[in-house]
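The structure under discussion appears below in the form of structure tokens.
The values are calculated or read from the model by the stated rules, or taken from the named source; none is laboratory data. Just so we're clear, the structure is a prediction, and the values are computed from it rather than from any experiment. Virtual Cβ from ideal backbone geometry, glycine too; neighbours counted across all protein chains shown. To get the accessible areas, we keep the full protein, side chains included, count just its heavy atoms, and leave off ligands, DNA and RNA. Shrake-Rupley method; radii C 1.70, N 1.55, O 1.52, S 1.80 Å.
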Amino acid sequence: MFKGQSIQLVRLHDSLVELRFDRQQQSINKLDTGTIMELQAATQALREDASIRGMLVTSAKASFIVGADIFEFTTLFAKGAEEIERFIAAQSAIFTAFEDLAVPIVTAINGLALGGGFEMALASDYRIMTTSAQVGFPEVSLGIFPGFGGCVRLPRLCGAKTALEWIVSGKPQKAEAALAANAVDGVVSNEQLRDAALAMLQSAVKSGEWRARREVRAGAIAPWDPSTITAIEAAAAKAAAHYPAALAAVAVVSSTAHLARDAALLLEARSFGRTAATATAAALIQLFINDQMMKKKTGVQARIARKVSRAAIVGAGIMGGGIAYTSAVRGIPVQMQDIAQAALDLGKTEARKLIDKQVASGQLTRESGDSIDASITPTLDYSEFESVGAVIEAVVENMNVKKTVLAEIETRIPADAVMASNTSSLSITDMATALQRPENFAGMHFFNPVPAMPLVEVIRGEKTSDITAATIAGYATAMGKTPVVVKDCPGFLVNRVFTPYVVAFLKLVHDGADFEQVDQVMEAFGWPMGPAYLLDVIGLDTGSHVFDIIMRGYPGRMSLDFKNAIHLLADQERFGQKNRVGFYRYEASAKGRPVKLTAPDAHALIAEIQPRGRVTFQPEVIIDRMMLPMIVEAAVCLIERVAETAAEIDTSLILGLGFPRYLGGPLKYADQMGLRVLVSKCERYELLNDAEPISAHLREMARMDLRFHR
Ligand SMILES: NC(=O)c1ccc[n+]([C@@H]2O[C@H](COP(=O)([O-])OP(=O)(O)OC[C@H]3O[C@@H](n4cnc5c(N)ncnc54)[C@H](O)[C@@H]3O)[C@@H](O)[C@H]2O)c1
């Protein structure tokens, strides 16, 4: 009947027809433009065949349809709201034409039916899914909302509250929830799916009850009670300044609640056009593309990597303990070595606490929790190091101590085992000079707290081999982390790009800014914490040590010629949260969490290093002065290939530092600002220094209208 690249129509018995999604030469089904065009052609063929009495929709893959083709979005969404609206309305009409075929339609859902895949299923009269299948709308995580009728059909099926909960959360829903919400009509095992769906179709053909269902779907939302969505609307409104899609979805549902389907669909398409054209959507889609690219790269590295099935962690402090736990939880047992029994005891106790939390929340059974605990073996000597594939050193931040420890470890491990240092600021190339096999050594920079932070920088020293870098990246992936391979330079990638932001903060304070105002402005701009608060959390003693090292590495762009607020506070033993006083004061909450309070004495102290007294800055000036130096440093890192691509730099800053996601990372932010604007702003704030190649480079990029991301 119809045979396309993604869709085939097959005649079954009893005048039934099966529409099968089966993308040729691909492992998954997705709704790209080609597939939707095929749906249109198939619908036309079906409409012309009066002998058909019922439709079964299936997938020949392990999943029904995983969603739209996100790689197509970038070009489409750059065309502007009106063009997107026209395009999406035309595509949405194809789903509607399919839905309006004069026969009952049953969709059989296996695996995932997400985004457009779920919308396809909603354009049928009945849905049946397997016990392990999931349905849902992840669109808000990309800065958009369902645009193929999801905001219209789901509330007419499940009620506005449930529909919006699903759309706003973006979470996939399991079979049980989908059945309870009336989003599907049955749940069966994978083996039963086809027969059960066919039986459902045959019964629909016989009863004719599907016609009544269609009438309900074609009408307004009934009953419509706006008060059911008040709380969802309030939560969406709170996030809307930077993430507008959820609130736009709420508005679509409420403004179309009293309309019949077709009028509602037109409004959905209009709002979709406006939402998809936002800078937030462009940034979040870019992050998705970055993520895919980085996964592909990790896959390529994995081809030469050695598998690490047993590891050792040396130094059981804050970082070492966290690394040992993270490795063990992911099924890679570790020897945890330290020179102090107390550190080993603390490391084990902390790991046990984390395991118990997971057991209490039902993520782990008690037995698996116990076996994870048992797979962290504390040791004061190097016992069993002869059987490990990787060692991570996390002892104190001192070059000589690290060199001695690493040289000792090297004599205890197999010749092909890799070693990594979790240093924050020391040179990997320099450290490797203490080793017999420097090619087997790299940096592996975790972020604190290790179990929660998703990024790991894999630092290549001059002599690090490809296999070593790939093996360490593979071990990081096995631990559930996102690895990024970076060059050995002061601060590596993330802390290097972060340092100009800290320097900018210190300059603003020196010029008279109120640090609390800077915090408020930057938090409103989208940072999880303002710079003063963040420095308190990092610790002003640790911070000043690390930042000083990084600043010394880049004297042109990062030097300061005045006494800065970090040194001032650290000299006064105001170390931040760790001793409850820094820029702020901290008191323990009832649950023992530190609560941030204003500290008037910090303001008085800082006034001493503000030669011009207190100066009020406009928020836009604070934002530019804080953000632009970071963008410039990220651009330098790209030119110097500290990481290979803009994608890796942007994603690393988001995962490692909490850079606001809605901006897509410093380089995407620059692209969206436009490089001409960037250069003129940098000139206004005297951030371009003609002695450095970055100035000419950025000016040339601006002149040629280039971008960092393609
Ligand atoms: N804390 C952070 O936020 C952070 C973040 C990234 C990287 N790092 C780096 O991680 C490393 C460890 O930092 P930390 O915060 O966990 O320090 P920590 O002081 O909490 O732990 C260091 C541990 O190393 C042990 N140790 C010292 N000498 C040793 C030796 N010769 N052999 C075995 N163990 C020895 C100590 O007993 C201690 O338990 C440092 O290089 C640090 O720069 C720290």
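Quick rundown of the values:
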read-out: Förster radius 60 Å - calculated FRET efficiency between Asp511 and Arg366, Cβ distance, rounded to 0.05; value: 0.55
read-out: Theoretical ellipticity at 222 nm over the chain - DSSP helices of four or more residues, -39500 (n - 2.57) apiece, nearest 500; value: -15500 deg cm²/dmol
read-out: Residue pairs, from the table Lys295/Lys578; Lys297/Lys348; Lys171/Lys681; Lys487/Lys578; Lys79/Lys238; Lys297/Lys668, whose Cα atoms sit over 30 Å apart; value: Lys295/Lys578; Lys297/Lys348; Lys171/Lys681; Lys487/Lys578
read-out: Net charge, Leu346 excluded, C-beta distance under 11 Å - Lys, Arg +1, Asp, Glu -1; value: 0
read-out: Region 2-282 shape via C-alpha gyration tensor axes, a/c threshold 1.5; value: prolate
read-out: Contour minus Cα-Cα distance for Leu560 and Gln25 (0.36 nm per residue); value: 186.7 nm
read-out: Counting all C-alpha pairs of the chain, share separated by more than 33 Å (%); value: 58 percent
read-out: In nm, spacing of pseudo-spin labels at Ala604 and Glu384 (7 Å Cα→C-beta vector); value: 5.7 nm
read-out: Label point at Ser207 placed 7 Å out along Cα→Cβ; residues across region 109-128 whose backbone nitrogen lies under 14 Å; value: 125-128
read-out: Formal net charge of residues neighbouring Gly150 (Cβ-Cβ distance under 10 Å; K, R +1; D, E -1); value: -2
read-out: Which listed pairs, of Lys507/Lys591; Lys563/Lys591; Lys30/Lys481, have C-alpha distances above 31 Å, in listed order; value: Lys507/Lys591; Lys563/Lys591
read-out: Environment charge of Glu386, counting only residues whose C-beta is closer than 11 Å and scoring Lys/Arg +1, Asp/Glu -1; value: +1
read-out: Computed accessible area, Thr423, all protein chains, 1.4 angstrom probe, square angstrom; value: 0 Å²
read-out: Gyration tensor (alpha-carbon) shape descriptor, region 305-488, a/c threshold 1.5; value: prolate
read-out: FRET efficiency, Thr230 to Thr404 (Cβ-Cβ, R0 60 Å, nearest 0.05); value: 0.40
read-out: Accessible-area composition of the chain, carbon plus sulfur, in percent [1.4 Å probe]; value: 54 percent
read-out: Of the GluC sites (Glu not before Pro) in region 455-526, those whose Cβ has at most 16 other Cβ within 10 Å and which sit in DSSP loop; value: Glu462
read-out: Range in the chain, longest, excluding exposed chymotrypsin sites (Phe, Trp or Tyr not before Pro) [loop by DSSP; at most 16 other beta-carbon atoms within 10 Å]; value: 225-561
read-out: Accessible area (Å², per residue) of region 2-282, counting only protein heavy atoms and a probe of 1.4 Å; value: 41 Å²
